[in-house]
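**Q** Got a structure here, written out as structure tokens. Questions coming.
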Amino acid sequence: MDDPPGSSAGSTTHLVRPVLRQVVLDATDARAVAEFYRELLGWDYREGDEAPSPGRPDPLGADWLVLRAPGGGVSVAFQQVETLPASTWPRDEVPQQLHLDMTVSTLEDLDACHRRALALGAREVLDRTDDPEEPLRVYADPAGHPFCIFVAA
């Protein structure tokens with residue numbers, strides 16, 4: 001049996017590695033950005049983070065919200081901040097800082113997701129659907145965070 005990378009053969013200690021639990025996106029309107037991704041991905045809020053009834057206060061939406069994938073795995077959290085410069089990528093003024101990669105199986109699925117993302121408030125930043133190796137589109141979410149949707153087997 002091979003030793004894990006970074007371990008010393010015969011060592012009496014084991015290498016401890018963290019587990020990625022969630023990706024956190026800052027937003028000046030955490031509820032709006034969480035709703036965008038909830039609709040786009042079809043994920044659910046962590047219990048207790050659901051949006052309140054219209055007209056009711058939303059204290060969690062002004063702080064911290066978590067979306068979870070239906071089958072488990074990495075979550076996406078949204079943290080309220082006072083200010084946030086939107087990325088200007090691919091220009092250099094304000095770098096991406098972080099972006100999310102999402103995949104679909106076919107170019108037709110990419111087109112369907114494209115229409116959905118735009119309808120939900122995304123802004124297209126780059127269209128590379130003519131790339132035979134990896135067709136993709138890059139967007140900015142309503143808060144300006146970049147994300148990619150590409151075709152992958």
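The values are calculated or read from the model by the stated rules, or taken from the named source; none is laboratory data. Being a predicted model, the structure only gives us computed values, none of them experimental. For neighbour counting, all protein chains shown are included, and Cβ atoms are generated from backbone atoms with ideal geometry for every residue, glycine included.
**Q** Go through (1) free of Cβ contacts under 8 Å to residues at least 40 places away in the same chain; (2) out of contact with any Gly (no Cβ under 8 Å at 6 or more places or on another chain) for L60 and report which single condition fails.
**A** With (1) free of Cβ contacts under 8 Å to residues at least 40 places away in the same chain; (2) out of contact with any Gly (no Cβ under 8 Å at 6 or more places or on another chain) applied to L60, the lone miss is (2).
**Q** Mind listing whichever residues of the range 112-137 are over 22 Å from D29 (Cβ atoms) and not in a loop (DSSP other than H, G, I, E, B)?
**A** Residues satisfying the conditions are A112, C113, H114, R115, L126, D127, R128, L136, R137.
**Q** Residue under question is L67, and the condition is that it be modelled with pLDDT of 90 or more, over 17 Å from T28 (Cβ atoms) and either surrounded by 11 or more Cβ atoms within 10 Å (Cβ to Cβ) or hydrophobic (A, V, I, L, M, F, W, C) (or both); does it hold?
**A** So L67 passes the test.
**Q** Kindly list, by first and then second residue, each pair from a residue in the range 81-102 that is within 20 Å of L40 (Cα to Cα) to a residue that is aromatic (F, W, Y) and outside any loop (DSSP other than H, G, I, E, B), limited to pairs with Cβ atoms under 6 Å and residues at least 6 apart or on different chains.
**A** H99/F147; L100/F147
**Q** Looking at (1) surrounded by 18 or more Cβ atoms within 10 Å (Cβ to Cβ); (2) farther than 23 Å from V104 by Cβ; (3) modelled with pLDDT of 90 or more, find the lone condition where L60 falls short.
**A** Only one criterion is unmet by L60, namely (3).
**Q** Check whether at least one residue in the range 25-40 is loosely packed, with under 12 Cβ neighbours inside 10 Å, within 18 Å of the chain's Cα centre (by Cα) and at pLDDT 90 or above, and report yes or no.
**A** No, every residue in the range 25-40 fails to be loosely packed, with under 12 Cβ neighbours inside 10 Å, within 18 Å of the chain's Cα centre (by Cα) and at pLDDT 90 or above.
Every residue, every condition in (1) of a type in the set (V, I, T); (2) in contact with a Cys (Cβ under 7 Å, 6 or more places away or on another chain); (3) within 17 Å of Y139 (Cα to Cα); (4) outside the structural domain of P142 (by TED's automatic domain parsing), yes or no:
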{"position": "D44", "(1), (2), (3), (4)": "no, no, no, yes"}
{"position": "P54", "(1), (2), (3), (4)": "no, no, no, yes"}
{"position": "L60", "(1), (2), (3), (4)": "no, no, no, yes"}
{"position": "S75", "(1), (2), (3), (4)": "no, no, no, yes"}
{"position": "R91", "(1), (2), (3), (4)": "no, no, yes, no"}
{"position": "L98", "(1), (2), (3), (4)": "no, no, yes, no"}
{"position": "S105", "(1), (2), (3), (4)": "no, no, no, no"}
{"position": "R115", "(1), (2), (3), (4)": "no, no, yes, no"}
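**Q** In the range 81-111, which residues are at pLDDT 90 or above, assigned to a strand (DSSP E or B) and not β-branched (V, I, T)?
**A** M102
**Q** What number goes with the only condition from (1) out of contact with any strand residue (DSSP E or B) (no Cβ under 8 Å at 6 or more places or on another chain); (2) closer than 30 Å to C113 by Cβ; (3) of a type in the set (A, V, I, L, M, F, W, C); (4) at pLDDT below 95 that M1 does not pass?
**A** Of the numbered conditions (1) out of contact with any strand residue (DSSP E or B) (no Cβ under 8 Å at 6 or more places or on another chain); (2) closer than 30 Å to C113 by Cβ; (3) of a type in the set (A, V, I, L, M, F, W, C); (4) at pLDDT below 95, the odd one out for M1 is (2).
**Q** Something else about it: Within the range 30-56, how many residues turn out to be part of a loop (DSSP other than H, G, I, E, B) and touching a residue at least 60 places away in the same chain (Cβ under 8 Å)?
**A** Total satisfying the criteria: 0.
**Q** Hey, among P57, P18, P52, which residue is closer than 25 Å to A122 by Cα and out of contact with any strand residue (DSSP E or B) (no Cβ under 9 Å at 6 or more places or on another chain)?
**A** P52
**Q** Do we have P52 as surrounded by 12 or more Cβ atoms within 10 Å (Cβ to Cβ) and not hydrophobic (A, V, I, L, M, F, W, C) here?
**A** Yes: the conditions hold for P52.
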